[in-house]
Amino acid sequence: MIRDAKMNDVKVMYGLLQHFANKGLLLGRSLSSLYDQLRDFKVFVKEGEEDAAAGQMLGICALHVCWENLAEIRSLAVVEEAQGQGIGRQLVEACLAEADHFGITRVFTLTYQPAFFQRLGFRHIDKNELPHKVWSDCIQCPKFPDCNEEALVWER
């Protein structure tokens, strides 16, 4: 079940993101930034579970609005035991539907998993095509400026 994130989800979200950040697979987020950007996040919880206690939250994903007609899919994470079941796809599709609701027709992602996003209709772009505004998170990353994430974009 996909729903909007709630305050009591933040610590579980933080743990899930830190797990993958420690493996170098995504950019970690501070608790403060998760609270600040809580409205960006969707969570996938086990059917019938309203609260996302550890073990109940299977995945998260955020749609971060950057500019007039540009948003970013970020912080996509699915617990390892639930990967390959379509949870990531459903989360990204929910974020793309929300972008459509807001009239946003261009959504990008920076990822180490480009094939996953290509299956969802994203295509490769040069990072230089993205406005400088989107790099504010990258400056905080320990891999900056030698990051090998790939930039992809989805356009309606």
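The values are calculated or read from the model by the stated rules, or taken from the named source; none is laboratory data. Remember, predicted model here, so these are calculated numbers, not experimental data. Neighbour counts run over all protein chains shown; Cβ positions are idealised from the backbone, glycine included.
Observations on the model:
- Flag for residue 1 being of a type in the set (A, V, I, L, M, F, W, C), within 23 Å of residue 97 (Cα to Cα), at pLDDT below 95 and in contact with a Phe, Trp or Tyr (Cβ under 9 Å, 6 or more places away or on another chain): yes
- Inspection of region 25-41 identifies at least one residue that is in a loop (DSSP other than H, G, I, E, B), in contact with a Phe, Trp or Tyr (Cβ under 9 Å, 6 or more places away or on another chain) and touching a residue at least 60 places away in the same chain (Cβ under 8 Å).
- Every residue from region 125-155 that is loosely packed, with under 11 Cβ neighbours inside 10 Å, part of a helix (DSSP H, G or I) and at pLDDT 60 or above: 128, 129, 132, 136
Conditions (1) under 18 Å from residue 2 (Cα atoms); (2) surrounded by fewer than 18 Cβ atoms within 10 Å (Cβ to Cβ); (3) modelled with pLDDT of 95 or more, marked per residue:
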{"position": "15", "(1), (2), (3)": "no, yes, yes"}
{"position": "36", "(1), (2), (3)": "no, yes, yes"}
{"position": "39", "(1), (2), (3)": "yes, yes, yes"}
{"position": "44", "(1), (2), (3)": "yes, no, yes"}
{"position": "49", "(1), (2), (3)": "yes, yes, no"}
{"position": "60", "(1), (2), (3)": "yes, no, yes"}
{"position": "67", "(1), (2), (3)": "no, yes, no"}
{"position": "77", "(1), (2), (3)": "yes, no, yes"}
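- Residue that is nearest to residue 90 (Cα to Cα), among those in region 17-34 that are modelled with pLDDT of 90 or more and of a type in the set (A, V, I, L, M): 17
- Scanning region 95-124 for residues that are of a type in the set (D, E, K, R) and either outside any helix (DSSP H, G or I) or surrounded by 16 or more Cβ atoms within 10 Å (Cβ to Cβ) (or both) turns up 98, 106, 119, 123.
- Among the residues here, residue 78 qualifies as in contact with a Phe, Trp or Tyr (Cβ under 9 Å, 6 or more places away or on another chain), aliphatic (A, V, I, L, M) and closer than 23 Å to residue 15 by Cβ.
- Every pair of residues 6+ apart whose Cβ atoms lie under 8 Å, when the first sits in region 105-124 and is at positive phi while the second is of a type in the set (Phe, Trp, Tyr): 121/154
- Entry remark, region 82-98: residues being of a type in the set (A, V, I, L, M) and touching a residue at least 40 places away in the same chain (Cβ under 8 Å) number 4 in total.
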